[in-house]
Structures are given as structure tokens and as C-alpha cells.
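The values are calculated or read from the model by the stated rules, or taken from the named source; none is laboratory data. In this text the structure is predicted, and so the values were computed from the model without any measurement. Backbone-built Cβ (ideal geometry, glycine too); neighbour counts: all protein chains shown. In case anyone asks, the SASA skips ligands and DNA or RNA and just uses the protein heavy atoms, side chains included. Shrake-Rupley method; radii C 1.70, N 1.55, O 1.52, S 1.80 Å.
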Amino acid sequence: MMSEHHGHHIASAKQLWGIGIALLILTVLTVTVAGLGLPSPFDILTAMAIALTKAFLVAAFFMGLYWDTKFNSMLLIGALAFFILMVSITLLDTLYRDDIVPSF
Amino acid sequence: MANHSATHPKHVHHHFVDSNQQFESAKLGMWVFLVNEILFFGGLFCAYIVFRAWYPELFTQAALELNTFWGAVNTVVLIGSSLTVAMAIRSAQNNQKRGLEINLLITILLACVFLVIKYFEYEHKLHLGIAPGSFWNPTPEIAAVLDHPKANIFFGIYYMMTAVHGLHVIIGIALMIWLYLRARKGHFNSEYYTPVEITGLYWHLVDLIWIFLFPLLYLIE
């Protein structure tokens, strides 16, 4: 639905409830998968895959990025890119220390 | 000036071309603030990643002290509040004053439920001496199961991340009360609901952060 004056998208109640229910199902799923006790790298990978899916649903539909100007999506993606950069550079130090700082 | 009021809606400031440009500018400003928020929490997530890489066994051991059930309940509570905020914006867009008020009230209520649950979680842990950093002073029963020398570090990260997140929830409640009072006075309609929209963006980010905190802190046993 577009108003005559400007192009604000109005999400339908059905859409919003659908996203809410999808988020609930994914929450149940992540708790269930955690209870299975998958071997080491796969437990965190599935948990993060589900969390990223939930985050995508919230950002795209609750925050309206799907209907919004692409510039706002770019800001979000940029923030995530710089976060990954920060973690990567930090890990280049901390993962390759002979001794973890003793007082830490 | 008479010409001004004849051509512009009352809420549009002089330096904007029209209502839509003002709305889009406010939203852009909020997204820039959210970028700042993501990188602010990013520092805490970075600390989490570094310490989990150093002490993986600590994280699986210490997470047993966190109650998955109440963490999951709080996840559902926050998802519900994100839904009601989205519905509040929809109500404003459709000129539904009553719907806007009710959805804001439910959001405030759910945010309070979140904080009450968080309070009882903190209270239970602090009672057992599970405190962050140098305040770490566990009861003998806890010390027997959680004998990792860096256990206080895990809870330092846990308390810092959840408390900063909780602070955002408190600020969110204050903003929602402000929105509710303005909504009651009839300040918002389909032509002007910018404060509802950008507070909604803020609230969804608070939900987003929790979406990651929940599996990273509670679901790793």
C-alpha cells in the first residue's frame, strides 16, 4: 500500500504476525538443536546460522529494510563488515600468542 | 510566513523540502546511530570471541549456571515486543490512535517482564556468589562444579553484555512511555509518525542483540 503523498510501505498485519511466528519457531528450533548436543564446530555453526536467519527477518521486515532505500541496508552491512574486520584483526593477535597474558 | 504555513504541514521544519525528506533524513540518522550501536556491542562480542577461543572448556562449563528456560522465555518476550512495536508503527500509518496506544502499552509491559526475569536471574546468581571479575566468590557447591580458574572472566563478560543490553531495554521503556504520552495527545498520524518509526528501529536492534546473546551465552552446554 502506498499513500498518495509518499511511498511509505505499510506492512500488513498478516505479514508482521507471520514474521513473529517464524521467529518463535526458529527460537524453539535453536533450543531443540542445542539439546541434541552436536559435536563441537557444528553446534555453534547451527546456532549462529539460526540467529543470523532471525536477524535477517527482523532487519528486513520488522525494520523494513526490504521496502526501504538501499542506503540504509548498506549502513547495516557496512557495520557488520567493520565488526568482522575488528574481530579478524584482534584474532590475528590473540590466536597466535605463545602465552596468553598471565594476568588475563 | 503565511505562505509557509499554507504550503507546508506544521511538523515539517524549514530546512526540509517536504515531509517525506524530513522522515527519510530522521530514519537515516537513526540508522547511523544503530551502526554506532552495533560496533559498540561489537567490542563486547569481540571480547566474547577472544576469550571463548582461549578457554572453550570454560564457556561450556560456566554456561551450565545459566538457566536456558528463562533465557528462552526472555527471547520469546522480546520477539513479542518487536512484533507489537511493528504493529504500533502500522497503527500510526493507518491513523489508528487506539491501536497505537495499545501496542505501545503491550510493548512497555513485555519490556518490563523481560527486566523482571533478568532481575531474578541476576539475584539468583549473586546469591550464589556468581559475580563478575574480582567479586567472584562462589559458594562451595558452585566452586565444586565450576572450578575453572577463569570462571570470573566468563561472568564478567556475561554481566557486562547482559547489563548493557538491559540498560538499552530501560532506555527503550522510557522512550515508549514518551511515545505513549504523545500518542494519547494525538501527536501521531499517517502523515507524521517519525518518533514511532525511529524508536521502533532502536527497539528492533535491542531485540537483534538479544537474538545473538541468547544462543552465545545460554545454549552452549
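Please tell me if residue A:40 is open to solvent by less than 50 Å² (accessible area, probe 1.4 Å), facing another protein chain (nearest Cβ under 9 Å) and of a type in the set (S, T, N, Q).
no
Please work out if residue B:16 is more than 9 Å from chain A (Cβ to nearest Cβ) and either of a type in the set (Lys, Arg) or within 28 Å of residue A:8 (Cβ to Cβ) (or both). Write out each step before concluding.
Details: more than 9 Å from chain A (Cβ to nearest Cβ): yes; either of a type in the set (Lys, Arg) or within 28 Å of residue A:8 (Cβ to Cβ) (or both): yes.
Yes.
Out of B:85, B:73, I need the residue that is in contact (Cβ under 8 Å) with a residue 12 or more places away in the chain, of a type outside the set (Phe, Trp, Tyr) and open to solvent by 10 Å² or more (accessible area, probe 1.4 Å). Which one?
Of the residues listed, the single one that is in contact (Cβ under 8 Å) with a residue 12 or more places away in the chain, of a type outside the set (Phe, Trp, Tyr) and open to solvent by 10 Å² or more (accessible area, probe 1.4 Å) is B:73.
Name the residues in the stretch B:54-70 that are farther than 21 Å from residue B:113 by Cα and either open to solvent by less than 20 Å² (accessible area, probe 1.4 Å) or modelled with pLDDT of 95 or more (or both), would you?
Scanning the stretch B:54-70 gives B:58, B:59, B:62, B:63.
Only one residue in B:198, B:142, B:157, B:170 is more than 9 Å from chain A (Cβ to nearest Cβ) and within 12 Å of the chain's Cα centre (by Cα). Which one?
Criteria check complete, one pass: B:170.
Could you look through the stretch B:88-109, keep only residues that are among the aliphatic types (A, V, I, L, M) and in contact (Cβ under 8 Å) with a residue 12 or more places away in the chain, and pick out the one that is farthest from residue B:217 (Cα to Cα)?
B:92
For the stretch A:95-104, does any single residue satisfy the condition of being at the interface with chain B (Cβ under 7 Å from one of its Cβ atoms) and modelled with pLDDT under 95?
Looking through the stretch A:95-104, at least one residue is at the interface with chain B (Cβ under 7 Å from one of its Cβ atoms) and modelled with pLDDT under 95.
What pairs come out if I take residues in the stretch B:110-131 that are in contact (Cβ under 8 Å) with a residue 12 or more places away in the chain and pair them with residues that are polar (S, T, N, Q) and surrounded by 13 or more Cβ atoms within 10 Å (Cβ to Cβ) whose C-beta lies under 6 Å away, six or more apart or interchain?
B:110/B:81; B:111/B:81; B:114/B:74; B:117/B:74; B:129/B:137
Assess whether residue A:50 counts as being more than 30 Å from residue B:73 (Cβ to Cβ) and of a type in the set (A, V, I, L, M, F, W, C).
no
Restricting to the stretch A:55-92, what's the tally of residues that are in contact with a Leu (Cβ under 9 Å, 6 or more places away or on another chain) and outside any helix (DSSP H, G or I)?
Within the stretch A:55-92, residues that are in contact with a Leu (Cβ under 9 Å, 6 or more places away or on another chain) and outside any helix (DSSP H, G or I) number 4.
Which of the residues belonging to the stretch A:68-87 are within 19 Å of residue B:24 (Cα to Cα) and open to solvent by 80 Å² or more (accessible area, probe 1.4 Å)?
Residues satisfying the conditions are A:70, A:71, A:74, A:77.
Please state which of the following conditions residue A:56 fails to meet, knowing it meets all the rest: (1) open to solvent by 70 Å² or more (accessible area, probe 1.4 Å); (2) in contact with a helix residue (DSSP H, G or I) (Cβ under 8 Å, 6 or more places away or on another chain).
Of the numbered conditions (1) open to solvent by 70 Å² or more (accessible area, probe 1.4 Å); (2) in contact with a helix residue (DSSP H, G or I) (Cβ under 8 Å, 6 or more places away or on another chain), the odd one out for residue A:56 is (2).
Could you grab me the full set of residues in the stretch B:101-139 that are of a type in the set (A, V, I, L, M), open to solvent by less than 10 Å² (accessible area, probe 1.4 Å) and within 20 Å of the chain's Cα centre (by Cα)?
B:104, B:111
Let me confirm something: among A:32, A:90, which residue is surrounded by fewer than 17 Cβ atoms within 10 Å (Cβ to Cβ) and facing another protein chain (nearest Cβ under 7 Å)? Don't jump to the end; show me each part of the working.
Details: A:32 fails: facing another protein chain (nearest Cβ under 7 Å).
Just a single option satisfies the conditions, and that option is A:90.
Please indicate, with yes or no, whether at least one residue in the stretch A:56-67 is touching a residue at least 40 places away in the same chain (Cβ under 8 Å) and more than 16 Å from the chain's Cα centre (by Cα).
Looking through the stretch A:56-67, at least one residue is touching a residue at least 40 places away in the same chain (Cβ under 8 Å) and more than 16 Å from the chain's Cα centre (by Cα).
Can you tell which of A:75, A:57 is at pLDDT 95 or above, under 28 Å from residue B:84 (Cβ atoms) and at the interface with chain B (Cβ under 7 Å from one of its Cβ atoms)?
A:75
Based on this model, can you work out whether residue B:47 counts as modelled with pLDDT of 95 or more, small (Gly, Ala, Ser) and in a helix (DSSP H, G or I)? Before you say what the answer is, go through the steps one by one.
Working: modelled with pLDDT of 95 or more: yes; small (Gly, Ala, Ser): yes; in a helix (DSSP H, G or I): yes.
Taking the combined requirement at face value, the residue satisfies it.
Taking the stretch A:43-100, which residues are β-branched (Val, Ile, Thr) and touching a His at 6+ places or on another chain (Cβ under 6 Å)?
A:58
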